[in-house]
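Below is one structure, written out as structure tokens; comments come after it.
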Amino acid sequence: MPPSPAQDVAVVVLCGGTSARMGGRDKTRELVGSVSVLELLLNALPDDWAVCCVGQPRPTDRPVLWTRERPAGGGPVAGIDAGLRALASYGGHDRPESAVTVVLAGDQPFAGAVAAALVNALNASRAEAVAAEAGDGRPQLLLAAYRTQRLRQALARGPVTGAGVYATLGSLRVVALPLEPADLVDVDTPAALEAARRRAGRRD
């Protein structure tokens with residue numbers, strides 16, 4: 001069953017990438033220790049946050065809602081839009097809109113563990129979003145907490161299919177939050193997967 005809808009924070013997890021640098025394998029299903037990349041992310045999120053995964057449905061330990069962007073393969077902006085729409089209407093009726101939406105890429109195994117820090121930083125600021133600071137100093141907009149109303153307004157300004165993340169969301173007032181580089185690992189290459197496995201082993 002989907003999680004309870006009556007929460008102030010919701011999460012959209014993007015799981016629909018092509019995984020070209022992983023030989024076409026689904027990155028989110030790769031094992032890190034005894035669990036998949038996606039399960040590691042989901043299990044670290046607070047229990048009372050509603051979660052929608054955008055991609056090919058599969059069983060997960062944590063109850064989540066699944067949806068797909070239309071057409072499939074429309075890119076991350078289309079995925080965010082699909083996740084918001086699904087969260088707004090699951091169960092056959094409109095639900096109260098969460099004040100904050102966390103957007104995460106499903107190939108980031110340690111992103112769930114830092115999501116609460118992003119939300120806390122947003123609640124303590126006047127920004128429209130707080131995003132992890134990427135290695136080049138730019139905000140990592142697929143590891144970020146957004147004020148849901150402002151996120152919806154940004155998505156409504158143009159077509160979402162094939163749209164660029166920075167072109168669509170870069171106009172928001174975003175604060176970059178420095179995090180440990182290891183928290184930002186995305187499993188998009190075999191080498192990155194091995195690095196994630198080593199880090200998970202050290203944490204066990």
Next on the checklist: For segment 125-170, give me the residue count where each residue is in a loop (DSSP other than H, G, I, E, B), under 18 Å from the mean Cα position of the chain (by Cα) and surrounded by 13 or more Cβ atoms within 10 Å (Cβ to Cβ).
Outcome noted: 7
Checklist entry - Which condition breaks for Gln140 when tested against (1) out of contact with any Phe, Trp or Tyr (no Cβ under 9 Å at 6 or more places or on another chain); (2) over 25 Å from Val32 (Cβ atoms)? => result (2)
Checklist entry - Has segment 100-112 got any residue that is closer than 23 Å to Asn43 by Cα and either among the aromatic types (Phe, Trp, Tyr) or part of a helix (DSSP H, G or I) (or both)? => result yes
Checklist entry - Going by the conditions given, is Val54 farther than 18 Å from Val114 by Cα, hydrophobic (A, V, I, L, M, F, W, C), touching a Lys or Arg at 6+ places or on another chain (Cβ under 7 Å) and surrounded by 14 or more Cβ atoms within 10 Å (Cβ to Cβ)? => result yes
Item to check | The listed residue being assigned to a helix (DSSP H, G or I), over 16 Å from the mean Cα position of the chain (by Cα) and closer than 25 Å to Val119 by Cα, out of Ala195, Ala200, Ala191 | outcome: Ala200
Item to check | Residue selected from segment 153-202 under the condition touching an Asp or Glu at 6+ places or on another chain (Cβ under 7 Å) and not aliphatic (A, V, I, L, M), by the criterion modelled with the lowest pLDDT | outcome: Asp188
Checklist entry - Is there a residue in segment 116-124 that is in a strand (DSSP E or B) and either surrounded by fewer than 22 Cβ atoms within 10 Å (Cβ to Cβ) or not charged (D, E, K, R) (or both)? => result no
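The values are calculated or read from the model by the stated rules, or taken from the named source; none is laboratory data. Worth saying up front: this structure is predicted, and the values here are computed from it rather than measured. We place every Cβ from the backbone using ideal geometry, glycine too, and count neighbours over all the protein chains shown.
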